[in-house]
Amino acid sequence: MDKKQSDNLIPKNNVGITETKYFTFAEPPNELVLDSGEKLGPITLAYETYGKLNEDKSNAILCEHALSGDAHAAGYHKGDKNPGWWDTMIGPGKAFDTDKNYIICSNVIGGCRGSTGPSSINPKTNKPYGMEFPIITIKDMVNAQRYLIDHLGIKKLLTVVGGSMGGMQTLQWIVSYPDRVCSGIPIATTAKHSSQQIAFNEVERQAVMSDPNWQDGNYYGESAPIRGLAVARMIGHITYMSDKSMAEKFGRRSKENKTIFKFDPDFEVEGYLHYRGDSFVKRFDANTYLYITKALDYFDIAGDKQLYEVFKNVKAELLIIAFKSDWLYPAYQSREIVKACKLAGVDATYCEIDSTYGHDAFLLEIEQETNLIKHFLEHVYSGRKK
Amino acid sequence: MSDKIKIEYSIVMNWIKDESSILDLGCGDGELLSLLVQQKKVRAQGIELDEQAIYKCVERGISVFHEDLDNGLKGYADKSFDYVVLYQSLQQIKKPDIILRDAINVGRKVIVGIPNFAYYKARAQIFFKGIVPVTTSLPYEWYNTPNLHFLSISDFINYCKNKGFKIEKSIFIGEKSIIKIFPNLFALTGIFLISK
C-alpha cells in the first residue's frame with residue numbers, strides 16, 4: 001500500500017500519520033543504575049506523542065504498553081495498513097482524547113522496537129548485547145521513562161495508564177513517583193506475579209531457549225530462533241483468551257470442513273495460533289521476549305512489605321479495572337490492589353467488567369473502558385484545576 | 001427523584017457533618033453520595049455490585065468499588081470513616097447482621113435506612129387480601145424483589161437493643177411527611193443513626 005492509499009483510509013476520529021521519536025540519555029559516565037545494581041548507558045527510548053501539551057503542562061498522559069507492545073499506540077505509520085495497538089482508545093473524542101490531552105507512549109527498555117535492549121549494539125563491544133544485556137525490572141522501565149518525562153518538561157502527569165505489564169508500570173509509577181502523577185489507571189494487572197504466571201512465562205522462555213538457533217542468545221546476523229519464539233507466542237495467545245472467547249471465535253470448525261486425519265493445523269484455532277506465532281516473529285526479538293517476561297516475573301511491588309504499606313505514600317487517585325473472564329491476570333489480583341487502597345486510604349474506584357474476552361479484554365472492551373476512563377479523567381482534571 | 005426520597009436524603013444530609021468521610025454500602029448510581037459531595041464537601045466512597053450503576057457513579061465523579069457485600073466488608077481498618085451508610089440496602093444483603101457488625105466497626109457512626117414491613121397498608125394487604133404486601137417502600141412483587149429480609153421498625157429497634165447499639169437519632173417517614181406517632185404502623189421507612 002502506498003502513502004496515498006493509507007492516507008485515504010484513515011478514519012476521521014484518528015490521530016492520523018504518526019512517527020516514532022527517540023530520546024537518548026544516561027551517557028557514560030552517567031549511566032542508569034538498574035535495580036540489579038548494574039549500570040546501563042547510553043539508553044535510547046522510542047516514543048510517540050499524540051495531541052498537544054497545554055501551556056501549564058497539566059494535560060499529559062503516559063500510556064504504558066504490554067509485553068509485546070511498542071511506542072506506536074495510535075494513528076498510522078506511513079504506508080501501514082494497521083493502526084497503533086490502542087488506536088481505539090487514543091484519538092479525537094476517544095477515551096484518551098487528543099483534543100484535550102497530550103498522550104505519550106514509550107517503548108520499554110529491554111524492548112526491541114527502537115528502545116535499548118538485547119538486540120541493540122553494546123558500545124563496549126560494538127556487537128549486539130545479546131545475553132550480556134543486564135536483567136531489567138518493571139522499576140527500571142519506569143525509572144527510564146522518568147527521564148523521558150523530565151526531557152519533555154512535564155512535572156506532573158495527569159495520569160499513567162496501562163494494561164497487563166502496562167498496569168504494573170502504572171502501579172510502579174504511583175509508588176516510585178507519588179508527586180509526579182495525579183492519577184493511575186492499572187488495567188487487568190497485578191501487584192505481583194503469581195506462581196502460575198511465572199510458570200507460563202518459564203514454558204514460553206524454554207520454548208525460545210530450546211530452539212537450536214537461539215545459541216545462548218548470540219543469533220544476531222544469523223537465523224533467529226523463530227520457531228521457539230512462535231511457540232512461545234502461541235502459548236501466550238492461549239492465555240490471553242478465554243475458553244468462551246475461543247469457542248465463540250473458532251468452535252471446532254476446521255478449515256477444510258472435514259476431518260483430514262493428519263497433523264496439519266486443520267482446526268481454525270490451530271491456524272489462528274500459527275498465524276499469530278508466525279507474524280509475531282517478524283516484529284519481535286527473541287531475547288527481548290526472555291528479558292521482558294523475566295521482568296514480569298520479578299515484579300512484586302511490595303517485596304517483603306505488605307502492599308498497603310507501600311501504598312501509604314501514594315497520592316494518586318486510582319481507577320482499577322479487571323475483567324471477569326481474565327484467567328491470566330484474574331480479578332482477585334486487582335481486588336488485592338483494592339484492598340491495599342482501602343487500608344492505605346488511597347482514593348480509588350474499581351470496576352470488574354463482565355467480559356468474555358479473557359485477558360485480551362483490555363484491548364477489546366473499548367466501550368466500557370472509554371465510559372469509565374473518560375469520566376474518571378474529567379474528574380481528575382477538574383480536581384487538579386481546583 | 002420522588003418527594004419521599006427527597007425527604008429521606010435531606011434527613012441523611014442533615015445528620016452528616018461537613019467535610020466528613022462517608023462509606024455508602026450499596027450506593028447504587030451514587031446519587032446520595034454525589035449530593036453529599038456537592039453540599040457537604042464530604043470524602044465519599046461507595047460500594048456497589050451492579051456494573052451499570054458503577055458506570056453512573058464514575059460519571060458523577062464518585063469513587064466506587066465494584067464488590068459484593070455478601071462477601072463481607074473486607075479490608076477496612078476500624079474507624080476508617082466518620083459514617084457508614086446502609087440506605088435501603090441492609091435488607092438485600094445475605095447476612096445483614098455481619099455487615100452491620102463490620103459497618104459499626106469501620107464507621108464511627110452508621111446510618112441505616114430500612115423499609116418498614118409493618119406499615120399499616122402492608123398489614124392490611126396480608127390481613128384482608130392474604131397477599132405479600134406491595135407498598136411505596138416495598139415496591140416489588142414476591143418474584144422479583146431484591147429484598148431478602150423483611151423487617152419492621154420495631155424489629156430494628158429491638159435488634160439494636162439486643163446488640164447494644166446506641167440509636168442516637170431516628171426519623172420515620174410516611175407517604176409524604178415525617179411520622180411522629182406509632183411509626184411502626186404509619187411509617188414506610190425508618191432512618192437510624194446508630195453507634196456502638
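A compact table of results
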{"quantity": "Close pairs (7 angstrom Cβ cut-off, 6 or more residues apart or separate chains): of a type in the set (S, T, N, Q) in the stretch B:120-144, in a helix (DSSP H, G or I) and at pLDDT 95 or above anywhere", "calculated": "B:135/B:121; B:135/B:122"}
{"quantity": "Residue check for residue B:113: away from chain A (no Cβ under 12 Å) and in contact with a Ser or Thr (Cβ under 8 Å, 6 or more places away or on another chain)", "calculated": "yes"}
{"quantity": "Residues that are in contact with a Lys or Arg (Cβ under 6 Å, 6 or more places away or on another chain) and outside any strand (DSSP E or B), drawn from the stretch A:34-57", "calculated": "A:35"}
{"quantity": "Residue in the stretch A:290-308 that is crowded, with 17+ Cβ neighbours inside 10 Å, of a type in the set (Lys, Arg) and within 14 Å of chain B (Cβ to nearest Cβ) present", "calculated": "no"}
{"quantity": "In the stretch A:328-348, residue surrounded by the most Cβ atoms within 10 Å (Cβ to Cβ) [restricted to those that are in contact with a helix residue (DSSP H, G or I) (Cβ under 8 Å, 6 or more places away or on another chain), in contact (Cβ under 8 Å) with a residue 40 or more places away in the chain and more than 9 Å from chain B (Cβ to nearest Cβ)]", "calculated": "A:329"}
{"quantity": "Among (1) under 30 Å from residue A:54 (Cβ atoms); (2) within 9 Å of another protein chain (Cβ to nearest Cβ); (3) among the acidic types (Asp, Glu) - the single one residue A:354 does not satisfy", "calculated": "(1)"}
{"quantity": "Pairs where the first residue, in the stretch A:311-327, is away from chain B (no Cβ under 13 Å) and part of a loop (DSSP other than H, G, I, E, B) and the second is surrounded by fewer than 24 Cβ atoms within 10 Å (Cβ to Cβ) and among the acidic types (Asp, Glu), C-beta under 7 Å, 6+ apart", "calculated": "A:315/A:179"}
{"quantity": "The lone exception for residue B:18 - which of (1) in contact with a Gly (Cβ under 6 Å, 6 or more places away or on another chain); (2) loosely packed, with under 12 Cβ neighbours inside 10 Å it fails", "calculated": "(1)"}
{"quantity": "Residues of the stretch A:135-163 satisfying the condition of being within 16 Å of residue A:292 (Cβ to Cβ), out of contact with any Asp or Glu (no Cβ under 9 Å at 6 or more places or on another chain) and assigned to a loop (DSSP other than H, G, I, E, B)", "calculated": "none"}
{"quantity": "Residue in the stretch B:77-98 that is within 21 Å of residue B:47 (Cβ to Cβ), within 14 Å of chain A (Cβ to nearest Cβ) and crowded, with 22+ Cβ neighbours inside 10 Å present", "calculated": "yes"}
{"quantity": "Count of the stretch A:168-220 residues which are in a helix (DSSP H, G or I) and of a type in the set (Phe, Trp, Tyr)", "calculated": "3"}
{"quantity": "Residue tally, condition more than 10 Å from chain A (Cβ to nearest Cβ) and surrounded by fewer than 22 Cβ atoms within 10 Å (Cβ to Cβ), over the stretch B:27-48", "calculated": "10"}
{"quantity": "Unique match (being out of contact with any helix residue (DSSP H, G or I) (no Cβ under 9 Å at 6 or more places or on another chain), surrounded by fewer than 21 Cβ atoms within 10 Å (Cβ to Cβ) and either of a type outside the set (Gly, Ala, Ser) or assigned by TED's automatic domain parsing to the domain that holds residue A:117 (or both)) among A:278, A:266, A:243", "calculated": "A:266"}
{"quantity": "Some residue of the stretch A:151-159 being assigned by TED's automatic domain parsing to the domain that holds residue A:32, hydrophobic (A, V, I, L, M, F, W, C) and within 19 Å of residue A:69 (Cα to Cα)", "calculated": "no"}
{"quantity": "Qualifying positions in the stretch B:51-74 - touching a Cys at 6+ places or on another chain (Cβ under 6 Å) and either more than 17 Å from residue A:332 (Cβ to Cβ) or small (Gly, Ala, Ser) (or both)", "calculated": "B:54, B:64"}
{"quantity": "Scope the stretch B:145-188; condition touching a residue at least 60 places away in the same chain (Cβ under 8 Å), part of a strand (DSSP E or B) and out of contact with any helix residue (DSSP H, G or I) (no Cβ under 6 Å at 6 or more places or on another chain); matching residues", "calculated": "B:169, B:178"}
{"quantity": "Of residues in the stretch B:60-76 being without any contact (Cβ under 8 Å) to a residue 12 or more places away in the chain and within 8 Å of chain A (Cβ to nearest Cβ), the one surrounded by the most Cβ atoms within 10 Å (Cβ to Cβ)", "calculated": "B:75"}
{"quantity": "Set A:110, A:117: member being farther than 30 Å from residue A:382 by Cα, at pLDDT 95 or above, under 15 Å from the mean Cα position of the chain (by Cα) and surrounded by 15 or more Cβ atoms within 10 Å (Cβ to Cβ)", "calculated": "A:110"}
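The values are calculated or read from the model by the stated rules, or taken from the named source; none is laboratory data. Quick caveat: nothing in here was measured; it's all calculated off a predicted structure. Positions of Cβ are backbone-derived with ideal geometry, glycine not excepted, and every protein chain shown enters the neighbour counts.
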